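Notes to accompany the following structure.
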Amino acid sequence: MSQRKGPFKGRTVAVVGDLALDEQRYLYRKARELKQAVGEGRDTAAFRMDDRDYSVYLIFMEDSTRTRESFRNASEFLGARTNVFDAATSSFNKNESMSDAVRMLYGYADESCFVVRSKLEGVCRSLEDSLGRYAELTGRPRASFLNAGDGKHEHPSQEFLDEFSFLEQLGWRDERIHIALTGDLYHGRTVHSKVDGLKVFAEVKVDLVAPEILGMPQALVSRMRDNGYEVRVFEFLDEYLASRDVAPIWYFTRLQLERMGDTVREREGELRKAVTFRKDMLGLLPEGTRFYHPLPRDRRSPTNPTFLDDLPLNGWDGQSANGYWTRIVLMGMVSGLLGSDYEGEFVAPRSFEDDFISEVAVSGGHALGSKPEHKVGIKPVEEGIVIDHISSGRKVDEIWNHIDAIRRVFKLNLRSSHGVYHSNLGSNVFKGIMSLPDVASFGERDLKKLAAIAPGCTLNLIHGARVVRKYRLTMPPRIYGFDEISCKNELCVSNPAQAEGVTPSFIRKEGKAGEPGTVFVCRYCEREHGFGEIWDL
Ligand code: ASP
Ligand code: CP
(Lines give C-alpha, C1' and ligand atoms only; values in the text may rest on other atoms or scores of the structure.)
(Ligands and ions follow the chains in the order given, each with its own letter.)
Protein backbone atom coordinates (compact mmCIF):
# COMPACT_ATOMS: atom_id res chain seq x y z
CA MET A 1 0.00 0.00 0.00
CA SER A 2 1.36 3.40 -0.93
CA GLN A 3 2.24 6.08 1.60
CA ARG A 4 0.92 8.84 -0.59
CA LYS A 5 -2.17 10.29 1.02
CA GLY A 6 -2.56 13.76 -0.53
CA PRO A 7 -6.11 15.11 -0.76
CA PHE A 8 -6.27 14.92 -4.59
CA LYS A 9 -5.44 11.24 -4.69
CA GLY A 10 -7.51 9.30 -7.25
CA ARG A 11 -8.97 12.47 -8.82
CA THR A 12 -9.99 12.51 -12.46
CA VAL A 13 -9.52 15.64 -14.53
CA ALA A 14 -11.86 15.35 -17.49
CA VAL A 15 -12.47 19.10 -17.72
CA VAL A 16 -10.78 22.18 -16.29
CA GLY A 17 -13.55 22.59 -13.71
CA ASP A 18 -12.63 19.24 -12.13
CA LEU A 19 -10.05 21.24 -10.20
CA ALA A 20 -11.50 24.05 -8.08
CA LEU A 21 -9.91 27.47 -8.67
CA ASP A 22 -7.87 27.17 -5.47
CA GLU A 23 -6.70 23.75 -6.59
CA GLN A 24 -5.62 25.19 -9.94
CA ARG A 25 -3.74 27.96 -8.13
CA TYR A 26 -2.04 25.32 -6.03
CA LEU A 27 -0.97 23.51 -9.21
CA TYR A 28 0.54 26.75 -10.57
CA ARG A 29 2.32 27.48 -7.28
CA LYS A 30 3.85 24.00 -7.10
CA ALA A 31 4.86 24.03 -10.77
CA ARG A 32 6.56 27.38 -10.19
CA GLU A 33 8.36 26.00 -7.14
CA LEU A 34 9.52 22.97 -9.10
CA LYS A 35 10.66 24.94 -12.13
CA GLN A 36 12.64 27.28 -9.92
CA ALA A 37 14.17 24.46 -7.90
CA VAL A 38 15.32 22.67 -11.06
CA GLY A 39 16.59 25.95 -12.56
CA GLU A 40 18.63 26.66 -9.45
CA GLY A 41 19.86 23.09 -9.11
CA ARG A 42 18.07 22.61 -5.78
CA ASP A 43 16.73 19.37 -4.34
CA THR A 44 13.50 18.14 -5.95
CA ALA A 45 12.97 15.01 -3.84
CA ALA A 46 9.54 16.24 -2.71
CA PHE A 47 8.40 15.94 -6.33
CA ARG A 48 9.50 12.34 -6.80
CA MET A 49 7.60 9.25 -5.73
CA ASP A 50 9.99 6.59 -7.03
CA ASP A 51 7.30 3.96 -6.94
CA ARG A 52 7.10 1.39 -9.72
CA ASP A 53 3.78 0.19 -8.33
CA TYR A 54 2.23 3.45 -9.47
CA SER A 55 1.49 2.95 -13.13
CA VAL A 56 1.00 5.73 -15.67
CA TYR A 57 -0.66 4.64 -18.91
CA LEU A 58 -0.45 6.91 -21.91
CA ILE A 59 -3.35 5.98 -24.19
CA PHE A 60 -3.26 8.14 -27.29
CA MET A 61 -5.90 7.28 -29.87
CA GLU A 62 -5.17 10.53 -31.73
CA ASP A 63 -1.73 11.78 -32.76
CA SER A 64 0.39 13.82 -30.38
CA THR A 65 3.92 15.03 -29.85
CA ARG A 66 3.95 17.45 -26.93
CA THR A 67 1.21 16.10 -24.71
CA ARG A 68 2.32 12.49 -24.93
CA GLU A 69 6.04 13.25 -24.58
CA SER A 70 5.63 15.74 -21.75
CA PHE A 71 3.43 13.32 -19.81
CA ARG A 72 5.92 10.52 -20.50
CA ASN A 73 8.84 12.60 -19.31
CA ALA A 74 6.85 13.87 -16.35
CA SER A 75 6.04 10.30 -15.33
CA GLU A 76 9.73 9.38 -15.58
CA PHE A 77 10.63 12.39 -13.44
CA LEU A 78 8.13 11.31 -10.80
CA GLY A 79 9.58 7.79 -10.85
CA ALA A 80 6.35 6.01 -11.77
CA ARG A 81 6.08 2.96 -14.02
CA THR A 82 5.44 4.48 -17.44
CA ASN A 83 3.54 2.59 -20.13
CA VAL A 84 3.09 3.99 -23.60
CA PHE A 85 0.10 2.10 -24.86
CA ASP A 86 0.14 1.35 -28.58
CA ALA A 87 -3.45 2.07 -29.54
CA ALA A 88 -2.81 1.44 -33.25
CA THR A 89 -1.92 -2.24 -32.74
CA SER A 90 -4.16 -2.92 -29.76
CA SER A 91 -7.41 -4.85 -29.51
CA PHE A 92 -9.29 -1.62 -30.13
CA ASN A 93 -9.00 -2.89 -33.69
CA LYS A 94 -11.09 -5.88 -32.61
CA ASN A 95 -13.80 -3.49 -31.44
CA GLU A 96 -12.88 -3.65 -27.77
CA SER A 97 -14.45 -0.86 -25.74
CA MET A 98 -12.36 1.71 -23.87
CA SER A 99 -13.87 0.60 -20.60
CA ASP A 100 -12.93 -3.08 -21.13
CA ALA A 101 -9.38 -2.20 -22.16
CA VAL A 102 -8.80 0.10 -19.20
CA ARG A 103 -10.33 -2.36 -16.73
CA MET A 104 -7.70 -4.87 -17.86
CA LEU A 105 -4.78 -2.47 -17.50
CA TYR A 106 -6.05 -1.36 -14.10
CA GLY A 107 -5.39 -4.88 -12.89
CA TYR A 108 -1.64 -4.64 -13.57
CA ALA A 109 -0.63 -2.26 -10.78
CA ASP A 110 -1.55 -1.21 -7.26
CA GLU A 111 -2.50 2.31 -8.35
CA SER A 112 -2.86 3.81 -11.81
CA CYS A 113 -3.24 7.00 -13.72
CA PHE A 114 -4.51 6.92 -17.30
CA VAL A 115 -3.70 9.77 -19.62
CA VAL A 116 -6.20 9.54 -22.47
CA ARG A 117 -6.43 11.33 -25.79
CA SER A 118 -9.33 10.35 -27.98
CA LYS A 119 -11.75 11.71 -30.51
CA LEU A 120 -14.49 10.42 -28.20
CA GLU A 121 -15.79 13.39 -26.24
CA GLY A 122 -16.33 12.76 -22.54
CA VAL A 123 -14.34 9.54 -22.46
CA CYS A 124 -12.50 10.32 -19.20
CA ARG A 125 -15.73 11.06 -17.35
CA SER A 126 -17.22 7.76 -18.55
CA LEU A 127 -14.08 5.87 -17.49
CA GLU A 128 -14.14 7.58 -14.12
CA ASP A 129 -17.71 6.30 -13.70
CA SER A 130 -17.20 2.73 -14.90
CA LEU A 131 -13.79 2.13 -13.28
CA GLY A 132 -15.00 3.90 -10.14
CA ARG A 133 -17.78 1.32 -9.82
CA TYR A 134 -15.27 -1.45 -10.46
CA ALA A 135 -12.91 -0.08 -7.79
CA GLU A 136 -15.76 -0.06 -5.28
CA LEU A 137 -16.68 -3.60 -6.19
CA THR A 138 -13.14 -4.87 -5.79
CA GLY A 139 -12.20 -2.66 -2.83
CA ARG A 140 -9.20 -1.26 -4.71
CA PRO A 141 -8.01 2.36 -5.00
CA ARG A 142 -9.67 4.49 -7.66
CA ALA A 143 -7.69 5.13 -10.83
CA SER A 144 -7.25 8.69 -12.12
CA PHE A 145 -8.11 9.68 -15.67
CA LEU A 146 -6.46 12.73 -17.16
CA ASN A 147 -7.99 14.09 -20.34
CA ALA A 148 -5.21 14.74 -22.87
CA GLY A 149 -7.70 16.13 -25.41
CA ASP A 150 -11.12 14.67 -26.27
CA GLY A 151 -12.40 15.59 -29.73
CA LYS A 152 -13.23 19.25 -29.83
CA HIS A 153 -14.42 19.26 -26.23
CA GLU A 154 -11.56 20.08 -23.81
CA HIS A 155 -7.83 19.83 -23.22
CA PRO A 156 -7.47 20.61 -19.51
CA SER A 157 -3.79 19.80 -18.99
CA GLN A 158 -3.00 22.13 -21.91
CA GLU A 159 -5.13 24.76 -20.21
CA PHE A 160 -3.12 24.48 -17.01
CA LEU A 161 0.15 24.97 -18.86
CA ASP A 162 -1.35 27.89 -20.81
CA GLU A 163 -2.58 29.70 -17.71
CA PHE A 164 0.74 28.99 -15.99
CA SER A 165 2.49 30.61 -18.97
CA PHE A 166 0.21 33.67 -18.90
CA LEU A 167 0.72 34.09 -15.16
CA GLU A 168 4.47 33.77 -15.62
CA GLN A 169 4.35 36.45 -18.31
CA LEU A 170 2.27 38.72 -16.05
CA GLY A 171 4.71 38.39 -13.14
CA TRP A 172 2.30 36.00 -11.30
CA ARG A 173 -0.33 38.71 -10.97
CA ASP A 174 -3.86 37.43 -11.43
CA GLU A 175 -5.88 40.67 -11.17
CA ARG A 176 -6.64 40.92 -14.87
CA ILE A 177 -5.89 39.56 -18.30
CA HIS A 178 -6.66 40.91 -21.76
CA ILE A 179 -6.23 38.13 -24.30
CA ALA A 180 -7.01 37.55 -27.97
CA LEU A 181 -7.96 34.03 -29.07
CA THR A 182 -7.60 33.51 -32.78
CA GLY A 183 -7.65 30.74 -35.39
CA ASP A 184 -10.08 27.86 -35.32
CA LEU A 185 -12.21 28.63 -32.30
CA TYR A 186 -14.94 26.26 -33.39
CA HIS A 187 -13.08 22.94 -33.61
CA GLY A 188 -10.18 23.74 -31.28
CA ARG A 189 -10.44 22.18 -27.82
CA THR A 190 -7.65 24.28 -26.29
CA VAL A 191 -9.70 27.45 -26.68
CA HIS A 192 -12.80 25.71 -25.35
CA SER A 193 -10.93 24.94 -22.14
CA LYS A 194 -10.26 28.68 -21.79
CA VAL A 195 -13.92 29.21 -20.90
CA ASP A 196 -13.15 27.98 -17.38
CA GLY A 197 -9.35 28.19 -17.30
CA LEU A 198 -9.27 31.99 -17.56
CA LYS A 199 -11.35 32.22 -14.36
CA VAL A 200 -8.06 32.18 -12.49
CA PHE A 201 -7.89 35.90 -13.34
CA ALA A 202 -10.20 38.21 -11.41
CA GLU A 203 -10.98 40.31 -14.48
CA VAL A 204 -11.00 38.86 -17.98
CA LYS A 205 -11.32 40.57 -21.33
CA VAL A 206 -11.36 38.17 -24.29
CA ASP A 207 -11.23 39.11 -27.94
CA LEU A 208 -12.38 36.30 -30.21
CA VAL A 209 -10.93 36.67 -33.70
CA ALA A 210 -12.13 34.12 -36.25
CA PRO A 211 -14.27 33.97 -39.38
CA GLU A 212 -17.86 33.19 -38.43
CA ILE A 213 -17.66 29.59 -39.58
CA LEU A 214 -14.69 29.00 -37.26
CA GLY A 215 -16.17 31.08 -34.45
CA MET A 216 -16.43 30.05 -30.82
CA PRO A 217 -19.66 28.02 -30.34
CA GLN A 218 -22.42 30.26 -29.03
CA ALA A 219 -22.98 28.15 -25.91
CA LEU A 220 -19.34 28.72 -24.94
CA VAL A 221 -19.48 32.46 -25.62
CA SER A 222 -22.50 32.60 -23.31
CA ARG A 223 -20.63 30.65 -20.65
CA MET A 224 -17.73 33.11 -20.91
CA ARG A 225 -20.16 35.98 -20.39
CA ASP A 226 -21.80 34.11 -17.50
CA ASN A 227 -18.31 33.83 -15.99
CA GLY A 228 -18.18 37.62 -16.04
CA TYR A 229 -15.74 38.00 -18.95
CA GLU A 230 -15.94 40.94 -21.30
CA VAL A 231 -16.14 39.29 -24.73
CA ARG A 232 -15.62 41.01 -28.08
CA VAL A 233 -15.96 39.29 -31.44
CA PHE A 234 -14.01 40.02 -34.66
CA GLU A 235 -13.92 38.13 -37.96
CA PHE A 236 -10.32 38.65 -39.09
CA LEU A 237 -7.03 40.02 -37.82
CA ASP A 238 -7.07 43.24 -39.90
CA GLU A 239 -10.46 44.15 -38.46
CA TYR A 240 -9.18 43.39 -34.95
CA LEU A 241 -6.01 45.45 -35.32
CA ALA A 242 -8.02 48.35 -36.72
CA SER A 243 -10.02 48.43 -33.47
CA ARG A 244 -6.90 49.94 -31.82
CA ASP A 245 -7.74 48.17 -28.57
CA VAL A 246 -5.49 45.20 -29.02
CA ALA A 247 -4.58 42.61 -26.37
CA PRO A 248 -0.95 42.18 -25.25
CA ILE A 249 -1.44 38.40 -25.10
CA TRP A 250 -2.39 36.51 -28.26
CA TYR A 251 -3.29 32.85 -28.42
CA PHE A 252 -3.06 31.45 -31.93
CA THR A 253 -4.57 28.12 -32.91
CA ARG A 254 -4.19 25.81 -35.88
CA LEU A 255 -7.02 25.21 -38.32
CA GLN A 256 -8.23 21.79 -37.14
CA LEU A 257 -8.45 20.32 -40.64
CA GLU A 258 -8.92 16.76 -39.36
CA ARG A 259 -12.15 17.73 -37.64
CA MET A 260 -13.66 19.85 -40.41
CA GLY A 261 -16.39 18.84 -42.81
CA ASP A 262 -15.69 19.10 -46.55
CA THR A 263 -17.51 22.41 -47.04
CA VAL A 264 -15.38 24.15 -44.42
CA ARG A 265 -12.14 22.50 -45.57
CA GLU A 266 -12.75 23.67 -49.14
CA ARG A 267 -12.50 27.24 -47.84
CA GLU A 268 -9.19 26.58 -46.07
CA GLY A 269 -7.16 29.18 -48.00
CA GLU A 270 -9.53 32.08 -47.38
CA LEU A 271 -10.12 31.12 -43.72
CA ARG A 272 -6.42 30.73 -43.03
CA LYS A 273 -5.70 34.16 -44.52
CA ALA A 274 -8.16 35.80 -42.12
CA VAL A 275 -6.21 34.57 -39.08
CA THR A 276 -2.61 34.57 -40.32
CA PHE A 277 -0.26 37.18 -38.92
CA ARG A 278 1.76 39.30 -41.43
CA LYS A 279 4.94 41.35 -41.06
CA ASP A 280 3.11 44.61 -41.72
CA MET A 281 0.94 43.98 -38.65
CA LEU A 282 3.90 44.10 -36.25
CA GLY A 283 3.74 47.87 -35.83
CA LEU A 284 0.12 47.69 -34.65
CA LEU A 285 0.85 45.56 -31.59
CA PRO A 286 1.04 47.01 -28.10
CA GLU A 287 4.49 47.14 -26.60
CA GLY A 288 5.67 43.87 -25.06
CA THR A 289 3.04 41.72 -26.79
CA ARG A 290 3.49 37.97 -26.43
CA PHE A 291 2.21 35.32 -28.81
CA TYR A 292 1.23 31.85 -27.62
CA HIS A 293 0.16 28.73 -29.50
CA PRO A 294 -0.63 25.25 -28.16
CA LEU A 295 1.21 23.83 -31.20
CA PRO A 296 1.72 22.07 -33.51
CA ARG A 297 1.63 24.72 -36.23
CA ASP A 298 1.06 23.74 -39.84
CA ARG A 299 4.52 23.76 -41.44
CA ARG A 300 3.09 24.61 -44.88
CA SER A 301 1.38 27.83 -43.79
CA PRO A 302 1.43 28.54 -40.06
CA THR A 303 -0.90 31.24 -38.70
CA ASN A 304 2.02 32.43 -36.53
CA PRO A 305 4.66 32.39 -39.31
CA THR A 306 8.31 31.49 -38.79
CA PHE A 307 9.56 35.08 -39.23
CA LEU A 308 8.26 35.56 -35.65
CA ASP A 309 10.34 32.75 -34.15
CA ASP A 310 13.34 34.77 -33.05
CA LEU A 311 11.46 37.87 -31.95
CA PRO A 312 10.86 38.58 -28.26
CA LEU A 313 7.14 38.05 -28.83
CA ASN A 314 7.64 34.31 -29.25
CA GLY A 315 5.99 32.93 -26.11
CA TRP A 316 5.10 29.52 -27.49
CA ASP A 317 8.47 27.83 -27.04
CA GLY A 318 8.53 28.56 -23.33
CA GLN A 319 4.84 27.71 -23.14
CA SER A 320 5.32 24.19 -24.48
CA ALA A 321 8.23 23.61 -22.08
CA ASN A 322 5.89 24.55 -19.23
CA GLY A 323 3.84 21.49 -20.14
CA TYR A 324 6.51 19.41 -18.46
CA TRP A 325 6.41 21.19 -15.09
CA THR A 326 2.65 21.49 -14.90
CA ARG A 327 2.13 17.84 -15.84
CA ILE A 328 4.62 16.62 -13.22
CA VAL A 329 2.59 18.54 -10.64
CA LEU A 330 -0.78 17.41 -12.01
CA MET A 331 0.22 13.75 -11.81
CA GLY A 332 1.91 14.43 -8.48
CA MET A 333 -1.43 15.72 -7.20
CA VAL A 334 -3.66 12.89 -8.44
CA SER A 335 -1.17 10.26 -7.27
CA GLY A 336 -1.44 11.67 -3.73
CA LEU A 337 2.26 12.68 -3.68
CA LEU A 338 1.50 16.41 -3.54
CA GLY A 339 -1.21 18.24 -1.66
CA SER A 340 -0.44 17.84 2.05
CA ASP A 341 0.33 21.60 2.15
CA TYR A 342 -2.90 22.55 0.36
CA GLU A 343 -5.14 24.92 2.31
CA GLY A 344 -7.82 26.03 -0.14
CA GLU A 345 -11.32 24.92 -1.05
CA PHE A 346 -12.02 21.58 -2.66
CA VAL A 347 -14.34 20.95 -5.58
CA ALA A 348 -17.78 20.41 -4.08
CA PRO A 349 -19.49 17.27 -5.33
CA ARG A 350 -22.83 18.15 -6.87
CA SER A 351 -25.82 16.56 -5.23
CA PHE A 352 -29.20 16.18 -6.88
CA GLU A 353 -32.45 16.57 -4.97
CA ASP A 354 -35.32 14.25 -5.64
CA ASP A 355 -37.87 16.97 -4.88
CA PHE A 356 -39.27 17.01 -8.38
CA ILE A 357 -41.95 14.54 -7.27
CA SER A 358 -44.09 16.08 -4.56
CA GLU A 359 -47.21 14.73 -3.07
CA VAL A 360 -49.96 17.32 -2.96
CA ALA A 361 -52.42 17.23 -0.10
CA VAL A 362 -55.85 16.09 -1.15
CA SER A 363 -58.37 18.13 0.85
CA GLY A 364 -59.55 16.36 3.98
CA GLY A 365 -57.45 13.37 3.01
CA HIS A 366 -60.25 12.08 0.83
CA ALA A 367 -62.71 13.40 -1.72
CA LEU A 368 -62.20 16.60 -3.67
CA GLY A 369 -65.73 17.89 -3.91
CA SER A 370 -68.69 15.60 -3.99
CA LYS A 371 -68.77 14.87 -7.71
CA PRO A 372 -66.55 12.22 -9.31
CA GLU A 373 -63.85 14.23 -11.04
CA HIS A 374 -62.48 12.30 -13.97
CA LYS A 375 -63.94 10.34 -16.82
CA VAL A 376 -63.04 7.62 -19.29
CA GLY A 377 -64.87 8.82 -22.33
CA ILE A 378 -68.24 9.68 -20.85
CA LYS A 379 -67.92 7.30 -17.89
CA PRO A 380 -66.48 8.52 -14.57
CA VAL A 381 -63.20 6.86 -13.51
CA GLU A 382 -64.04 4.70 -10.51
CA GLU A 383 -60.59 3.22 -9.92
CA GLY A 384 -57.25 3.86 -11.60
CA ILE A 385 -55.00 6.73 -12.57
CA VAL A 386 -55.52 10.06 -14.26
CA ILE A 387 -52.61 12.04 -15.60
CA ASP A 388 -53.62 15.69 -15.80
CA HIS A 389 -52.03 18.99 -16.90
CA ILE A 390 -49.89 17.28 -19.54
CA SER A 391 -47.81 19.99 -21.26
CA SER A 392 -50.18 22.62 -19.97
CA GLY A 393 -49.81 25.88 -21.87
CA ARG A 394 -47.90 24.33 -24.80
CA LYS A 395 -49.07 24.23 -28.41
CA VAL A 396 -51.83 21.72 -29.14
CA ASP A 397 -49.68 19.58 -31.45
CA GLU A 398 -46.94 19.42 -28.81
CA ILE A 399 -49.48 18.29 -26.22
CA TRP A 400 -50.63 15.49 -28.54
CA ASN A 401 -46.99 14.49 -29.08
CA HIS A 402 -46.46 14.26 -25.35
CA ILE A 403 -49.59 12.18 -24.86
CA ASP A 404 -48.40 9.92 -27.63
CA ALA A 405 -44.92 9.70 -26.07
CA ILE A 406 -46.35 8.75 -22.66
CA ARG A 407 -48.47 6.03 -24.23
CA ARG A 408 -45.51 4.57 -26.12
CA VAL A 409 -42.95 4.78 -23.33
CA PHE A 410 -45.23 3.21 -20.74
CA LYS A 411 -46.70 0.82 -23.31
CA LEU A 412 -50.23 1.89 -22.42
CA ASN A 413 -52.05 -0.33 -24.86
CA LEU A 414 -55.10 -0.76 -22.71
CA ARG A 415 -58.57 0.63 -22.07
CA SER A 416 -58.21 4.37 -21.60
CA SER A 417 -59.13 7.76 -22.88
CA HIS A 418 -57.08 10.81 -23.58
CA GLY A 419 -57.43 14.19 -25.14
CA VAL A 420 -56.48 17.84 -25.29
CA TYR A 421 -58.72 20.12 -23.27
CA HIS A 422 -59.07 23.70 -22.19
CA SER A 423 -57.13 24.44 -19.05
CA ASN A 424 -58.81 26.62 -16.45
CA LEU A 425 -55.82 28.97 -16.77
CA GLY A 426 -57.45 30.77 -19.70
CA SER A 427 -59.49 30.25 -22.83
CA ASN A 428 -56.41 29.91 -25.05
CA VAL A 429 -54.55 27.62 -22.70
CA PHE A 430 -54.67 23.89 -23.34
CA LYS A 431 -53.54 20.76 -21.53
CA GLY A 432 -53.59 17.00 -22.04
CA ILE A 433 -55.42 14.48 -19.85
CA MET A 434 -55.12 10.69 -19.85
CA SER A 435 -57.49 8.46 -17.90
CA LEU A 436 -56.20 4.96 -17.16
CA PRO A 437 -58.83 2.95 -15.29
CA ASP A 438 -56.88 -0.32 -15.54
CA VAL A 439 -53.63 0.99 -14.02
CA ALA A 440 -53.49 0.59 -10.25
CA SER A 441 -50.25 2.39 -9.43
CA PHE A 442 -47.11 4.05 -10.77
CA GLY A 443 -43.86 2.91 -9.10
CA GLU A 444 -41.20 5.44 -8.11
CA ARG A 445 -39.11 4.82 -11.20
CA ASP A 446 -42.15 5.30 -13.43
CA LEU A 447 -42.99 8.53 -11.63
CA LYS A 448 -39.47 9.78 -12.29
CA LYS A 449 -39.76 8.80 -15.90
CA LEU A 450 -43.13 10.51 -16.23
CA ALA A 451 -41.65 13.66 -14.67
CA ALA A 452 -38.87 13.53 -17.22
CA ILE A 453 -41.23 13.11 -20.18
CA ALA A 454 -44.06 15.41 -19.15
CA PRO A 455 -42.79 17.82 -16.47
CA GLY A 456 -45.55 19.89 -14.97
CA CYS A 457 -48.17 17.15 -15.08
CA THR A 458 -50.04 15.78 -12.09
CA LEU A 459 -50.77 12.16 -11.40
CA ASN A 460 -54.00 11.37 -9.56
CA LEU A 461 -54.77 8.05 -7.92
CA ILE A 462 -58.49 7.42 -8.01
CA HIS A 463 -60.35 5.17 -5.64
CA GLY A 464 -64.14 5.02 -5.37
CA ALA A 465 -64.33 7.75 -8.03
CA ARG A 466 -62.41 10.11 -5.72
CA VAL A 467 -58.85 11.43 -5.89
CA VAL A 468 -57.09 9.81 -2.96
CA ARG A 469 -53.51 10.78 -3.79
CA LYS A 470 -52.05 13.39 -6.04
CA TYR A 471 -48.46 13.96 -7.16
CA ARG A 472 -47.09 17.04 -8.88
CA LEU A 473 -44.16 16.23 -11.15
CA THR A 474 -41.70 18.94 -12.15
CA MET A 475 -38.60 18.96 -14.35
CA PRO A 476 -35.96 16.64 -12.77
CA PRO A 477 -32.43 17.94 -12.17
CA ARG A 478 -31.03 14.88 -13.98
CA ILE A 479 -32.40 12.62 -16.68
CA TYR A 480 -30.53 9.35 -17.04
CA GLY A 481 -30.88 5.62 -17.30
CA PHE A 482 -33.81 5.54 -19.75
CA ASP A 483 -33.64 3.63 -23.01
CA GLU A 484 -35.40 6.43 -24.87
CA ILE A 485 -32.77 9.16 -24.40
CA SER A 486 -29.45 9.79 -26.14
CA CYS A 487 -26.83 12.49 -26.59
CA LYS A 488 -27.13 13.97 -30.06
CA ASN A 489 -23.41 14.66 -30.37
CA GLU A 490 -22.18 11.88 -32.65
CA LEU A 491 -18.71 12.04 -31.11
CA CYS A 492 -19.92 11.75 -27.55
CA VAL A 493 -18.79 8.59 -25.79
CA SER A 494 -22.43 7.98 -24.80
CA ASN A 495 -23.80 8.28 -28.34
CA PRO A 496 -25.26 4.88 -29.31
CA ALA A 497 -23.29 4.91 -32.58
CA GLN A 498 -20.04 4.74 -30.58
CA ALA A 499 -21.21 1.50 -28.92
CA GLU A 500 -19.08 2.17 -25.82
CA GLY A 501 -21.87 0.95 -23.55
CA VAL A 502 -22.13 4.29 -21.73
CA THR A 503 -25.55 5.11 -20.26
CA PRO A 504 -26.67 8.56 -21.43
CA SER A 505 -27.05 11.08 -18.66
CA PHE A 506 -28.13 14.72 -18.71
CA ILE A 507 -27.93 17.42 -16.08
CA ARG A 508 -30.30 20.38 -16.10
CA LYS A 509 -28.63 23.72 -16.51
CA GLU A 510 -29.54 26.26 -13.87
CA GLY A 511 -32.85 27.81 -14.72
CA LYS A 512 -36.45 27.87 -13.69
CA ALA A 513 -37.77 24.34 -13.32
CA GLY A 514 -40.46 23.24 -15.70
CA GLU A 515 -40.14 26.17 -18.05
CA PRO A 516 -40.14 25.44 -21.76
CA GLY A 517 -36.69 25.88 -23.23
CA THR A 518 -34.94 24.40 -20.22
CA VAL A 519 -31.47 23.27 -21.23
CA PHE A 520 -29.88 19.93 -20.38
CA VAL A 521 -26.16 19.28 -20.59
CA CYS A 522 -24.72 15.87 -21.45
CA ARG A 523 -22.76 14.63 -18.44
CA TYR A 524 -19.95 13.42 -20.72
CA CYS A 525 -19.40 15.75 -23.66
CA GLU A 526 -21.27 18.73 -22.10
CA ARG A 527 -23.20 19.42 -25.30
CA GLU A 528 -26.29 21.47 -24.50
CA HIS A 529 -29.65 19.97 -25.49
CA GLY A 530 -33.13 21.41 -25.45
CA PHE A 531 -35.45 19.31 -23.28
CA GLY A 532 -37.23 17.75 -26.28
CA GLU A 533 -33.93 17.03 -28.01
CA ILE A 534 -32.72 14.44 -25.52
CA TRP A 535 -35.64 12.11 -26.19
CA ASP A 536 -35.75 9.61 -29.06
CA LEU A 537 -39.51 9.35 -29.14
N1 ASP B 1 -2.24 20.03 -29.92
C2 ASP B 1 -3.46 20.71 -29.61
C3 ASP B 1 -4.59 19.71 -29.47
O4 ASP B 1 -4.34 18.53 -29.56
C5 ASP B 1 -3.77 21.78 -30.59
C6 ASP B 1 -3.82 21.34 -32.01
O7 ASP B 1 -3.63 20.16 -32.31
O8 ASP B 1 -4.02 22.21 -32.85
O9 ASP B 1 -5.69 20.11 -29.26
N1 CP C 1 -0.48 21.04 -27.64
C2 CP C 1 -0.69 19.75 -27.94
O3 CP C 1 -1.62 19.12 -27.45
O4 CP C 1 0.23 19.19 -28.77
P5 CP C 1 0.24 17.71 -29.30
O6 CP C 1 -0.98 17.54 -30.16
O7 CP C 1 1.50 17.57 -30.07
O8 CP C 1 0.17 16.80 -28.13
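The values are calculated or read from the model by the stated rules, or taken from the named source; none is laboratory data. These figures come from a predicted structure and were not determined experimentally. Positions of Cβ are backbone-derived with ideal geometry, glycine not excepted, and every protein chain shown enters the neighbour counts. Surface accessibility is based on the protein's heavy atoms, side chains included, excluding ligands, DNA and RNA. Shrake-Rupley method; radii C 1.70, N 1.55, O 1.52, S 1.80 Å.
Worth pointing out:
- Residue in the stretch 308-316 that is out of contact with any Lys or Arg (no Cβ under 7 Å at 6 or more places or on another chain) and within 16 Å of ligand 1 (Cβ to nearest atom) present: yes
- Checked across the stretch 266-275, the condition of being open to solvent by less than 20 Å² (accessible area, probe 1.4 Å) and closer than 30 Å to Arg72 by Cβ holds for no residue.
- Test set (1) open to solvent by 60 Å² or more (accessible area, probe 1.4 Å); (2) in contact (Cβ under 8 Å) with a residue 24 or more places away in the chain; (3) at positive phi - Gly10 fails condition number: (1)
- For Met104: the one exception among (1) open to solvent by less than 60 Å² (accessible area, probe 1.4 Å); (2) of a type in the set (A, V, I, L, M, F, W, C); (3) out of contact with any Asp or Glu (no Cβ under 8 Å at 6 or more places or on another chain): (1)
- The set of residues in the stretch 126-165 that are more than 14 Å from ligand 2 (Cβ to nearest atom), touching a strand residue (DSSP E or B) at 6+ places or on another chain (Cβ under 7 Å) and among the hydrophobic types (A, V, I, L, M, F, W, C) comprises Leu127, Ala143, Phe145.
- Here Leu284 meets each of (1) farther than 29 Å from Glu76 by Cα; (2) in contact with a helix residue (DSSP H, G or I) (Cβ under 6 Å, 6 or more places away or on another chain); (3) crowded, with 20+ Cβ neighbours inside 10 Å; (4) not small (Gly, Ala, Ser) with one exception, condition (3).
- Gly517 vs. criteria at pLDDT below 90 and in a helix (DSSP H, G or I): no
- Search result, residues across the stretch 180-218 that are open to solvent by 10 Å² or more (accessible area, probe 1.4 Å), among the basic types (Lys, Arg) and touching a helix residue (DSSP H, G or I) at 6+ places or on another chain (Cβ under 9 Å): Arg189, Lys199
- Screening Asp280 against (1) over 32 Å from the mean Cα position of the chain (by Cα); (2) assigned to a loop (DSSP other than H, G, I, E, B); (3) more than 16 Å from Thr182 (Cα to Cα) leaves a single unmet condition, (2).
- Hey, Leu337 in a loop (DSSP other than H, G, I, E, B), crowded, with 22+ Cβ neighbours inside 10 Å, out of contact with any Phe, Trp or Tyr (no Cβ under 6 Å at 6 or more places or on another chain) and not acidic (Asp, Glu) or not: yes
- Candidates in the stretch 137-169 are the residues that are assigned to a loop (DSSP other than H, G, I, E, B) and without any contact (Cβ under 8 Å) to a residue 40 or more places away in the chain; of these, the one that is nearest to His187 (Cα to Cα) is Arg140.
- Residue in the stretch 295-313 that is away from ligand 2 (no atom under 16 Å from the Cβ), open to solvent by 60 Å² or more (accessible area, probe 1.4 Å) and either touching a residue at least 60 places away in the same chain (Cβ under 8 Å) or acidic (Asp, Glu) (or both) present: yes
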